[in-house]
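Notes for the one structure printed next.
Each reported figure results from applying straightforward, stated rules to the coordinates on display, with no laboratory input. Nothing here was measured: the structure is a model prediction, and the numbers come from that model. Quick reminder, even Gly has a Cβ in these numbers, built from the backbone with ideal geometry, and neighbours come from all protein chains shown.
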Amino acid sequence: MAGVAAGCVIGVDLGGTKLLAGAVDADLAVHHRTNRPALGLNQAELVEMVAQAVEGVRTAVGGDVSAVGFGIPCTFDARTGMAVQAVNLPLHDIRFADVMAERLALPVVVDNDANCAVLAEARAGAAQGCEEVAMLTIGTGIGGGLFLGGEVYRGWLGGGAELGHMVIERDGRPCQGSCPNRGCLESVASGTALVREASLAVARRPDTALGLALEAGHELTGPLVTELARDGDPVAREAIEVIGRALGVGVANLVNIFNPQVVVIGGGVSAAGDLLLDPAREVVAQRALRPGRDLVRLAAAAFGAEAGMVGAAILARERPPGVPSAAGGRASSRTPAP
Ligand SMILES: [Zn+2]
């Protein structure tokens with residue numbers, strides 16, 4: 001097995017509720033995945049948990065690892081290498097790459113998790129061969145990634161492409177976590193919003209599979225709703241359709257602004273597939289401008305919930321030679337002059 005996995009890098013996708021890490025070889029095959037809960041930890045505990053997860057994968061793969069890439073749901077400041085603000089995790093103003101490089105004694109690159117995801121999908125996934133791609137990763141929150149002109153777009157300092165925080169309802173509900181805005185796409189179309197919608201729907205109609213599952217002691221979670229929707233439960237399907245229509249409003253904005261060839265939907269909630277995407281497609285067809293709306297493809301991530309992990313590994317493998325390992329990866333190569 002060590003032979004198969006030789007020359008691996010480790011990709012890590014740190015989400016709002018869990019971490020996913022794996023050793024990824026040059027053909028993007030994933031070896032030795034690990035999955036850890038990230039809920040309820042403070043920043044120091046989170047950093048320790050992440051380091052231990054990486055060391056676990058490194059040991060499992062026989063120690064032959066050349067670099068580690070992290071996708072974290074955070075905005076960055078490329079002037080300082082600082083991970084500045086995470087909406088759904090207790091990370092703020094931390095030199096995450098420096099901390100990890102020192103802790104792991106390995107070259108480390110760090111980027112926003114959805115930037116990693118769009119890179120993976122554009123290189124080898126649902127947007128392979130496309131030069132203009134937008135991506136939304138729907139989990140606890142909604143991450144955004146842009147691949148424009150054949151490159152990941154990060155904005156001036158690395159804080160760009162927070163597409164989940166585009167406003168869909170000006171006076172909508174307060175957004176979640178540390179976001180100060182209201183009515184963000186994330187507040188109406190994330191996995192968190194899905195659970196809220198399902199909870200409202202099941203209260204009105206407790207007699208279907210979803211209500212019975214809750215009565216039997218199951219916790220109301222996004223994966224439960226998605227699974228029952230796929231099995232045909234009408235209440236779960238209704239909740240996913242509500243989320244899908246809200247998603248469509250956000251995608252229509254992306255279509256009008258970026259005229260992408262494809263909008264890729266990833267993250268855990270994308271497991272709902274066309275149950276989620278069809279309502280979104282309908283809204284895009286009603287609301288976006290031509291010709292973009294007639295030509296755009298709305299596709300589920302080919303790497304599924306592993307897109308961020310695989311993209312983080314691609315970044316780790318391609319880190320620019322000679323750039324200090326802890327400088328924050330590619331974003332650092334665009335650091336503006338002081
Ligand atoms: Zn927001």
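Quick look at the numbers
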| read-out | value |
| --- | --- |
| Nearest-20 debye value, segment 1-100 charge dipole, Cβ charges on Lys, Arg, Asp, Glu | 140 |
| Proxy reagent accessibility, fewest Cβ within 10 Å first, across F258, F96, F70 | F258, F96, F70 |
| About the Cα centre, charge dipole magnitude for segment 246-298 (Lys/Arg +1, Asp/Glu -1 at Cβ), debye | 180 |
| Partnerless cysteines, meaning none of the other Cys C-beta atoms lie under 4.7 Å away, in the chain | C8, C74, C116, C130 |
| Among A117, F258, G143 the positive-end extreme of the charge dipole of the chain (Cβ point charges) | F258 |
| Least to most buried among C74, C130, C116 (fewest other Cβ within 10 Å first) | C130, C74, C116 |
| Sorted by Cβ neighbour density within 10 Å, fewest at the top, the residues M100, M135 | M100, M135 |
| DSSP bridge orientation in the chain - percent antiparallel, rounded to nearest 5 | 60 |
| Protection-proxy order for peptides 139-150, 277-288, each taking the mean of Cβ atoms within 10 Å per residue, highest first | 139-150, 277-288 |
| Where only C-alpha atoms are counted, convex hull volume of segment 74-200 per residue in Å³ | 133 |
| Percent antiparallel among DSSP beta bridges (both partners in segment 32-139, rounded to 5) | 50 |
| Kyte-Doolittle at least 1.0, axis length at least 18 Å by Cα - qualifying DSSP helices, the chain | 234-258 |
| Kirkwood estimate for the chain, i.e. one over the average of 1/r between Cα atoms, Å | 20.0 |
| Compactness of segment 20-110 as Cα Rg over 2.2 N^0.38 Å, two decimals | 1.08 |
| Peptides ranked, highest mean first, by Cβ atoms within 10 Å: ranges 186-192, 29-35 | 186-192, 29-35 |
| Dipole magnitude of the chain, debye to nearest 20 (Cβ charges: Lys/Arg +1, Asp/Glu -1, about Cα centre) | 560 |
